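This report concerns only the one structure given below.
The values are calculated or read from the model by the stated rules, or taken from the named source; none is laboratory data. Remember, it's a predicted structure, so these values are computed and weren't measured experimentally. Every residue, glycine among them, receives a Cβ derived from its backbone with ideal geometry; neighbour counts consider all protein chains shown.
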Amino acid sequence: MTLVESLAILVDLEAKYPTPALLPTEAKVLGIVRMVEMVALIELLPAIFPLTGQILGVAGDTAEKFEELLADDSLRDSSARAD
């Protein structure tokens, strides 16, 4: 299997090559690193989606629809989904 997600690659490298360590070993510091990872994933990644569309040349209605979907908070709230 080929890993393509950066956090998964980091964990894989850390497991295969523990020295030198890529991640801190102290629990509190590791918690801070994981917190920064999650903030980047949850907060920053969605903010770059419109830019990605521009880079890839997605224009017009498609780009607008994409931005509307990103702005729709009900899509993020699992309690709003129908079973």
Count - residues of segment 13-30 that are within 27 Å of THR2 (Cα to Cα) and surrounded by 10 or more Cβ atoms within 10 Å (Cβ to Cβ): 8
Number of positions in segment 32-56 that are small (Gly, Ala, Ser) and surrounded by 11 or more Cβ atoms within 10 Å (Cβ to Cβ): 2
Count of segment 57-83 residues which are aliphatic (A, V, I, L, M), at pLDDT 70 or above and out of contact with any helix residue (DSSP H, G or I) (no Cβ under 9 Å at 6 or more places or on another chain): 1
